[in-house]
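Right, one structure below, let's go through it.
Here, each number is a calculation from the coordinates, and none is a lab measurement. All figures in this text were calculated on a predicted structure; none of them were measured in a lab. Here the Cβ positions follow ideal geometry from the backbone for every residue, glycine too, while neighbour counts run over all protein chains shown.
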Amino acid sequence: MQDTNTLSNPVASERPAAMRCHLDLQASVLMVVFCLALGFQQVAIKLVAADISPLAQVALRSSLAALLVAALVRWQGIRLVDMRTHWRPGLLVGLGFSAEFTFVAWGLTYTLASHMSVFLYTAPVFAALGLHLLVPGEQLTRRQWVGIGLAFGGMVFAMAPDTEIDNAADILRGDILGLLAGLSWAATTLVIRRSSLAEAPPLQTLYYQLAVAGLLLLPAAAVVASLTFQTLGISLAALLLWFALLKRYFASQLGVFSLLAPVFGVLFGALLLGEPLTPNFLVGGMVLLVGLLIVTR
């Protein structure tokens, strides 16, 4: 019997893939809601960073949401043996999620929430490159390579130091950590696409992600505070919605809507935190987003 936990072969060659749909109005609206929530999460973390460290916030919200997901798993009648079936890719997804939000939390101590929103969501470009190399049928076209080139050019321009901003070196350090977070997110996408998690229930994938992150990051949490939005809005509802949409619709089309998340992140950062929007960042960010749009169309 073939081991469903192996990552050596593409999912398409291991099992028949579930039928995925083109985006409809319902999915479009849900993706806007998803991006609205994700665009606010960096700002939500930074708003209370003086009272609760960003890493503590991520650890606590992941642990609390994991308990809620465990209750949902039990309520839906998913057996423990079903959870064990995908434990290897599930562990990798959890490690990737932990790395992603460790970089986010660490980076937010240096950079602006609006910068983190944009650089974190470079993940679709890194995922597209990984899919091109590792998944048959996901090879990039010439137009998409042009988009990747634009995205990376915009990224470099957006990260250019600006002498008008205090602590420009710290902001650059935080921006680099944001890119590492995007790489980590892309890695989790690749694991899901190339493993048995591609056809697993969204609750299982979400539980692996949150449980591993909670176990790894909770020891770093020193304080407890109100994390209602991040627990219910991001770690539970928004991410569960994302995995459910990935199971039903084409990932490439969902990726177009994911570009709204950094837009919302920049708007929230400017409106709620008074973060400056420099010409370098605006021009570079727009070029980066255009490149992302070309890649994910």
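Each peptide in 176-183, 84-91 gets a packing score, the mean of other Cβ atoms within 10 Å over its residues, and the list from highest to lowest is 176-183, 84-91.
Phi angles of the stretch 33-48 translate, via the Karplus equation with coefficients 6.51, -1.76, 1.60 and θ = phi - 60°, into HN-Hα couplings of 4, 4, 5, 4, 5, 5, x, 8, 5, 4, 5, 4, 5, 6, 4, 10 Hz per residue; Gly and Pro are given as x.
Here the Karplus curve 6.51 cos²θ - 1.76 cosθ + 1.60, taken at θ = phi - 60°, turns the phi angles of the stretch 96-106 into couplings of x, 5, 4, 5, 4, 7, 5, 5, 4, 4, 5 Hz, with x standing for Gly and Pro. Once the gyration tensor of the Cα atoms in the stretch 23-296 is diagonalised, the equivalent ellipsoid follows with semi-axes of 28, 24, 16 Å, ordered largest first. Inter-label distance, residue 75 to residue 267: 3.1 nm, where each label sits 7 Å from its Cα along the C-beta direction. Enumerate the amide H contacts of residue 249 below 5 Å, restricted to partners 5 or more residues apart or on another chain; note that Pro and chain-start residues carry no placed amide H. Those lying under 5 Å, H to H, from residue 249 are 21. For the peptides 23-29, 149-155, the ranking by packing is 149-155, 23-29, with the highest mean count of neighbouring Cβ atoms within 10 Å listed first. Here the dipole of the stretch 23-101 is about 280 debye; that uses its Cα centre as origin and unit charges on the Cβ of Lys and Arg (positive) and Asp and Glu (negative).
Once you reduce the stretch 32-56 and the stretch 86-129 to the center of their Cα atoms, the two points are 14 Å from each other.
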